Amino acid sequence: MVKKVVVMLFLCSFLFGDVFFPFLSIGSFSPAVPSSSSSVLTCPLVGDNFTYLVNRSFLYFKIGRSELNVNDRYQFQGLSQSLSTPIILTVVNTTDFLFNYSLSCNFTNQFFSVPNHELVPCIFLASLSNLPFNLLQQAYYEYMEGSPLNSGSLSSGIPIGDRFIFVFPSNESIWNSFLNYYNNFSSSINTNENYCFKFSSLINDSSLMLFEVFIRKPIVYDTIKMSINTGFMFAINKTTGVLLGLRVKGAVSGKEAGTRMKGEVDFVLLQGAFSLPELSLYEENQFVGFAEGAFLLLPLGSFSLILLVIRRKKLPSR
């Protein structure tokens with residue numbers, strides 16, 4: 001049994017930009033350790049299983065003259081999978097501060113721990129909002145090292161597991177965190193040709209949370225000049241904290257170090273017979289230019305460091 005610790009460090013000003021989450025900046029937001037009342041988890045029983053199917057998985061990148069087009073396939077632990085291959089979530093155990101679960105797909109397994117902290121929703125939202133850009137960056141670095149796009153790590157499709165959170169600690173602190181984002185960004189924020197942020201609550205009752213988000217923004221840093229459109233929708237069972245469905249669509253285009261590139265992502269993940277409506281807030285690519293002044297994303301300055309530790313280990317194949 002091999003254990004590996006992976007630390008995912010998100011710079012929220014880089015992922016979202018202070019334009020959209022100013023209250024996450026140091027000095028205006030103080031993440032607190034959950035109180036004893038919020039640390040009690042409501043969760044499914046140890047050993048419970050939940051089955052997911054990827055209903056849609058499309059990935060397209062063009063960097064220079066090199067192209068990658070992957071349709072109807074995704075990857076799990078680096079192995080390409082067809083849409084008919086299910087992903088099984090199994091509850092391993094829980095503590096007051098961690099929710100431990102495993103994902104298995106075609107006899108390959110991965111173990112995760114999600115902390116019981118109110119910043120987990122921010123990490124989830126940040127990872128989704130920048131998914132097209134992050135995947136394009138991964139492809140670009142491999143391309144610059146001489147690996148053709150059609151034989152690189154993304155040639156097997158969109159990776160599942162590390163990119164998404166499947167279970168959330170089910171308590172009021174987590175749900176209030178989601179609601180705080182919705183209450184602050186439920187309408188368009190300073191919409192213009194370069195940036196826009198919309199956050200819509202479709203359902204939010206005692207048992208189900210269903211939100212939709214759209215973001216358009218420039219990403220300008222060092223030699224990077226890009227624009228990104230991302231729309232996503234997600235549903236969570238508030239009783240158990242388990243993800244019910246996820247829909248992500250996005251496009252990114254621009255230059256890095258003078259190299260032109262663009263990409264598209266379209267992905268749908270559903271648990272069981274659950275279904276999600278189509279995206280209603282998404283706007284097709286309307287990129288006009290780059291706001292290099294107010295929206296310059298700096299490596300230093302006003303940002304929040306959000307730390308999520310995910311432990312992974314190989315589990316015995318069944």
(request) Scan the range 195-208 and report the pairs whose first residue is surrounded by 14 or more Cβ atoms within 10 Å (Cβ to Cβ) and whose second residue is part of a strand (DSSP E or B) and among the polar types (S, T, N, Q), with Cβ atoms within less than 7 Å and a gap of 6+ or a chain change. (result) Leu208/Asn237
(message) Suppose we keep only residues that are of a type in the set (Ser, Thr, Tyr) and at pLDDT below 95 within the range 103-113. Which one would you say is nearest to Asn55 (Cα to Cα)?
(response) Thr108
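With the structure loaded, tell me whether Ser82 is more than 19 Å from Gln271 (Cβ to Cβ) and surrounded by fewer than 18 Cβ atoms within 10 Å (Cβ to Cβ) or whether it fails that test.
no
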(message) Taking the condition of being under 30 Å from Val92 (Cβ atoms), assigned to a loop (DSSP other than H, G, I, E, B) and at pLDDT 90 or above, how many residues in the range 151-178 meet it?
(response) 8
(message) Can you list the strands (runs of 3 or more DSSP E) lying wholly within the range 58-99 that have 2 or more residues being closer than 14 Å to Ile158 by Cα?
(response) 66-71, 73-76, 79-82
(message) I'd like to verify a number: residues in the range 217-229 that are buried (at least 22 other Cβ atoms within 10 Å of the Cβ) and out of contact with any Lys or Arg (no Cβ under 9 Å at 6 or more places or on another chain), how many?
(response) 1
(message) Quick test of your reading of the structure: Pro148 fulfils all but one of (1) touching a strand residue (DSSP E or B) at 6+ places or on another chain (Cβ under 7 Å); (2) within 26 Å of Val120 (Cα to Cα); (3) of a type outside the set (Ser, Thr, Tyr); (4) modelled with pLDDT under 90. Name the failing condition by number.
(response) (2)
(request) Please give the number of the condition Tyr181 fails out of (1) touching a residue at least 60 places away in the same chain (Cβ under 8 Å); (2) within 18 Å of Leu276 (Cβ to Cβ). (result) (2)
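The values are calculated or read from the model by the stated rules, or taken from the named source; none is laboratory data. Please read all numbers here as calculations on a predicted model, not as lab measurements. Because the Cβ atoms are built from the backbone with ideal geometry, glycine has one as well, and the counts that use them run over all protein chains shown.
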